[in-house]
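Notes for the one structure printed next.
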Amino acid sequence: LAGSAHALEYRTTSRPAVLYDAPSTAAAKVAVAGSGLPLEVVVETAGWTKVRDHGGRLTWIEQSAFGNVRNVMVKAEAASVRKQPRPDADIAFLAARGVLLEATGEADGFGWLPVKHADGRTGWLPLFEVWGR
């Protein structure tokens, strides 16, 4: 079978890293990705990964810039992070658009992702309210 589909893959930066327009440190520098930024993996080559950011921009980053933490970025205007994975659960905390949250596990069968804020608070929010997973 030709062209079998695969799930999107995301990785998170472990440190601030330069984004380039080609897979080389001699290429033009496009931007700097902050630490903890989720990026969609488009293609990988020796030592380099072509990525798409939350705004759709395509750039290259050195693979050494990625870590093991998996973050997501809130894309809703304000996301209600719940104490349990259901819409009627009490709110643990609110997260504004652009806030980075650590994904502490996989989403459940209903699309609820377990997350942790940098300040240690934890909860669940719907996958459709975040980018990077």
Fill in: Solvent-accessible heavy-atom area per residue, rounded to whole Å², over the chain at 1.4 Å
56 Å²
Worksheet entry | Label-point separation, ALA118 to HIS54 (7 Å along Cα→Cβ), nm | 1.2 nm
Discussion item. Please check: in the Gaussian network model of the chain (C-alpha springs, under 10 Å), which one of VAL43, VAL51, VAL81 has the largest mean-square fluctuation.
Written reply: VAL43
Fill in: Tally of Lys pairs whose C-alpha atoms are under 20 Å apart, taken over the chain, 8 or more apart or cross-chain
4
Practice prompt. Positive end of the charge dipole of the chain (Lys, Arg +1 and Asp, Glu -1 on Cβ, about the Cα centre): tell me which of VAL41, SER64, GLN84 has its Cα farthest that way.
Written response: SER64
Response to the item:
Expressed in angstrom and rounded, the centroid-to-centroid distance over alpha carbons for region 99-133 and region 35-65 is 21 Å
Worksheet item: How much of the accessible area of the chain, probe 1.4 Å, is carbon plus sulfur, in whole percent?
Response: 53 percent
Worksheet, complete the sentence: To the nearest 0.05, the calculated FRET efficiency linking SER24 and ASN68 through their beta-carbon distance, R0 being 22 Å, is 0.30
Worksheet item: Under a point-charge model restricted to the Cβ atoms of Lys and Arg (+1) and Asp and Glu (-1), what is the dipole moment magnitude of region 1-89 relative to its Cα centre, in debye to the nearest 20?
Response: 280 debye
Worksheet item: If r is the Cβ-Cβ distance from ALA31 to ASP108 and R0 is 35 Å, what FRET efficiency results, to the nearest 0.05?
Response: 0.55
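The values are calculated or read from the model by the stated rules, or taken from the named source; none is laboratory data. Given the structure is predicted, the values throughout are model-derived calculations rather than measurements. So basically every Cβ, Gly included, is an ideal-geometry build from the backbone, and we count neighbours across all protein chains shown. Note: areas computed on protein heavy atoms with side chains; ligands, DNA, RNA excluded. Shrake-Rupley method; radii C 1.70, N 1.55, O 1.52, S 1.80 Å.
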